[in-house]
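> Sending over a structure as structure tokens; questions will come in a sec.
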Amino acid sequence: MTAAAISASAPELPLVLVAGAGRLPELVAASLERAGRPFRVLAIRGFAEAPMRVRAEASADLLDIAGILKILDAWGPACILPAGGVARPRPAAILNAAAALRNRDILRTMVNGGDDRLLRGALTLLEENGHRVIGVHTAAPDLLSPEGRLGRHVPDAAADLSIATGRALLGALSPYDVGQAAVVAALRAIAVEGPEGTDRMLARARSLGRRPFGMGKAEAGTVLVKLAKEGQDLRVDLPAIGPRTIRNAAAAGCAGLAIQAGLTLIIDREATVAAADRAGLFLVGLRIRT
């Protein structure tokens, strides 16, 4: 269901934007405002950035499930929209010791895993308590990559082969929950993303693909390919790139980036495309039929 459809189904009810870390909550808020969709902001203490803390109508500790549910029940939103990063809780994110004690059984289950498990556990609890949870890709589709070329540069034949290899590689690995991205040169995988994330994977690709010591010349047609995993909960882990991704891809010797159209978030699109143009990298959105 799109943001317009959500608004049409419950025009009098705002959605609740649950703001975590980073720029994404600000971008989502701006997208909702452009669409004329009413919303309220619930800031996650210890994660939400200053601009979102200022506009938040309430704040809550990440693991104060009972407190969050109390706020949501009072607001009665049409749906919940989480946006922004959270990680394994830092002390600043669990200021309410009484809440942590009250939710100790829930917390034990949620924190005995990675960040994804933590977030999925939180979303499940919200849904079990009658709240509908949607993702950024549903509420703010204008923030996602379009199909086709985004900047001035286009992939050459060597890069096209690398893109095809990357698509096949990530498709084959998708059932194993390995990662969303890979750096590929022709028919060879240089690096595959693991739990460390795209930026650290690119740093590893630089040392592997530009020997010695990351200072040599990368193979022709080296490309970063980033796609959503099959069956991935996009509310929790939407593929994303931004200007920093472009800089790191250039440092790794990539000729460009190929991302999934319609399912990859571009943080600060104008700045990201400009960074790719300056670096001489192509940036293309791939339409992948499912």
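The values are calculated or read from the model by the stated rules, or taken from the named source; none is laboratory data. All values derive from a computational prediction rather than experimental measurement. Note: ideal-geometry Cβ built from the backbone for every residue, glycine included; neighbour counts use all protein chains shown.
> Would you mind finding the one in Ala181, Ala139, Ala185, Ala191 that is crowded, with 16+ Cβ neighbours inside 10 Å and more than 27 Å from Leu234 (Cα to Cα)?
Only one candidate passes the filter, namely Ala185.
> Select from region 43-74 the residues that are assigned to a strand (DSSP E or B) and farther than 28 Å from Thr272 by Cα and list them in ascending order. Before the answer, list the steps.
Taking region 43-74 first, the residues assigned to a strand (DSSP E or B) are 43-44, 58-60.
Within region 43-74, Ala58, Ser59, Ala60 qualify.
> What number of residues within region 239-290 satisfy the criterion of being part of a helix (DSSP H, G or I), of a type outside the set (A, V, I, L, M) and within 20 Å of His137 (Cα to Cα)?
Of the residues in region 239-290, 5 are part of a helix (DSSP H, G or I), of a type outside the set (A, V, I, L, M) and within 20 Å of His137 (Cα to Cα).
> Still on this model: Inside region 221-234, can you point out the residues that are of a type outside the set (D, E, K, R), surrounded by fewer than 21 Cβ atoms within 10 Å (Cβ to Cβ) and modelled with pLDDT of 85 or more?
Leu234
> Taking into account only those residues within region 142-178 that are small (Gly, Ala, Ser) and buried (at least 22 other Cβ atoms within 10 Å of the Cβ), which is farthest from Leu208 (Cα to Cα)?
This residue is Ser145.
> For Leu15, are the conditions met, namely being closer than 20 Å to Arg132 by Cα, touching a residue at least 12 places away in the same chain (Cβ under 8 Å) and either surrounded by fewer than 18 Cβ atoms within 10 Å (Cβ to Cβ) or in contact with a His (Cβ under 8 Å, 6 or more places away or on another chain) (or both)?
no
> Looking only at region 118-149, count every residue that is of a type in the set (D, E, K, R) and part of a helix (DSSP H, G or I) and tell me the total.
Filtering region 118-149 for residues of a type in the set (D, E, K, R) gives 120, 127-128, 132, 142, 147, 149.
Subsequent filtering for residues that are part of a helix (DSSP H, G or I) retains 120, 127-128, 142.
Here the count works out to 4.
> Residue under question is Ala218, and the condition is that it be in contact with a Cys (Cβ under 8 Å, 6 or more places away or on another chain) and either surrounded by 23 or more Cβ atoms within 10 Å (Cβ to Cβ) or not assigned by TED's automatic domain parsing to the domain that holds Leu24 (or both); does it hold?
Criteria met by Ala218.
> Could you tell me which residue of region 264-280 is farthest from the chain's Cα centre (by Cα), considering only residues that are hydrophobic (A, V, I, L, M, F, W, C) and surrounded by fewer than 22 Cβ atoms within 10 Å (Cβ to Cβ)?
Ala279
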